[in-house]
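Colleague: Handing you a structure now.
Laboratory data are not the source of any read-out in this text; all were calculated from the coordinates shown. Quick caveat: nothing in here was measured; it's all calculated off a predicted structure. Note that we place each Cβ from the backbone using ideal geometry, even for glycine, and neighbour counts take in every protein chain shown.
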């Protein structure tokens, strides 16, 4: 079983470029259509309006218009590992992955094109955010930070805007309500921008381990940053100060599983997922969390929800629909 650490290592360290396909054989670069794609390794999930869209291994992108009950595989011109996906509206979306790859769609995720690729950089992009259908930023390994202001027609390297001389991996980027943007990364790296990426400030970190994910709350200035060994921190002032959120399993032992990703759901709950099937849910904007460890112990890397509050989980083994706590749903009568 691939652990979350294995997934993270795959994302951050396995950066050797794939062999370049001959131009005459360009068709083989498309992701292979497979009924098993929905149960393959999937690393991120997002919404395009009411549509759910997921991305992951071998260039797989799938979309669902029935809250995750059935999935259709998109036409995608790569077999690279895709690490993150984001939409600006119900039509315009972007996915990023290895070899600094950026894909784009204008039809809600059904068809994709390559917008950007930098194989010689040998660095995966690990997360992407878009303000609208024009302005977006992607982050990645070795301090990669690129920006577009024309919907992805051109991308500029803006890594020199960060105080990151050691080139620490930048693992995630997220908008923070009423405040700006936040980036988290390796070795406790924390950066914030109050002007949507034009300038960045490096912050003092509450710990020196790696952060794998960040999510903003519904309240202004609330930030949740999380990573190795169950470390989860909450700030109510856009990162000026932090409180450690204590997490324990049902036996009263501290959670030591790595935490990979989180989402602010439509109903206001915050859900964080990670290694060992860990699902953390908060109904008080991250002040406290309830932990559920899924029995299958498969690592999770993304989460969304349906209109009934059920969770749509992705990770090892693909897509699973779970109860609001993260438990498997009882079979319908």
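Colleague: Taking Cα centroids, how far is segment 229-304 from segment 120-165 in Å?
Modeller: If we compute the Cα centre of each part, the gap is 27 Å.
Colleague: Now, a different point. So what is the relative contact order for the chain, in percent, with contacts set as C-alpha pairs under 8 Å and at least six apart?
Modeller: Worked out over the chain, it gives 12 percent.
Colleague: Provide the packing ranking of 262-268, 195-201, i.e. peptides ordered by the mean count of other C-beta atoms within 10 Å per residue, highest first.
Modeller: 262-268, 195-201
Colleague: Quick one: grab the alpha carbon gyration tensor of segment 40-102, order the square roots of its eigenvalues as a ≥ b ≥ c, and give me rounded if a/c is under 1.5, else prolate or oblate depending on whether a/b is larger than b/c.
Modeller: The shape class here is oblate.
Colleague: Which of these, 100, 35, 67, has the largest mean-square fluctuation under a Gaussian network model of the chain (Cα springs below 10 Å)?
Modeller: Result for the chain, Cα springs under 10 Å: 35 fluctuates most.
Colleague: As a footprinting exposure proxy, order 70, 205 by other Cβ within 10 Å, with the fewest listed first.
Modeller: Fewest to most other Cβ atoms nearby, the residues stand as 70, 205.
Colleague: For the chain, evaluate the Debye formula with one uniform point scatterer on each Cα (no solvent term) and list log10 I(q)/I(0) at q = 0.14 Å⁻¹, rounded to two decimals.
Modeller: -1.07
Colleague: Relative contact order for segment 204-243: what percent, with Cα pairs under 8 Å and sequence separation of 6 or more?
Modeller: About 31 percent, as a whole number.
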